[in-house]
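Notes for the one structure printed next.
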Amino acid sequence: MKTKMADFEITDEIIEQWAEELFKNEQNDLKCPPEILVIAYANDELEGDVQKAIDAHLDYCTSCLDLMLSVRAAKAETKDAKALVDGFNQRDV
């Protein structure tokens, strides 16, 4: 799987490294995914097992949940601002 976000590409290698570290963790310490994966999740750019793993992680990790919610809020604000500008540009002058 390759997901491209701006100039950063999420490769299978990044995903595999996170999964390997997650499953090697014998003490069940909280192991967060790379931030870029949480951002990709927030933008609905992941699928399958990776999406499910991040979803499960967000059930107990407030730091990653905060990041995901911040990304979604910023995305919504950007969309709202764009709609406002588009509406302004289309008004009768």
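Read the figures in this text as sums done on the coordinates, not as results from a lab. Here the structure is a predicted model, which is why all the values come from computation and not from measurement. Backbone-built Cβ (ideal geometry, glycine too); neighbour counts: all protein chains shown.
What net charge is computed for the residues neighbouring residue 49, neighbours being all others with C-beta under 13 Å from the C-beta of residue 49, Lys and Arg scored +1, Asp and Glu -1?
Result for the neighbourhood of residue 49: -3.
Roughly speaking, what is the stretch gain from residue 60 to residue 79, that is 0.36 nm per residue apart minus the C-alpha to C-alpha distance, in nm to one decimal? Show your work: numbers first, answer last.
Working: separation 19, 0.36 × 19 = 6.84 nm, distance 2.90 nm.
Going from the current span to full extension adds 3.9 nm.
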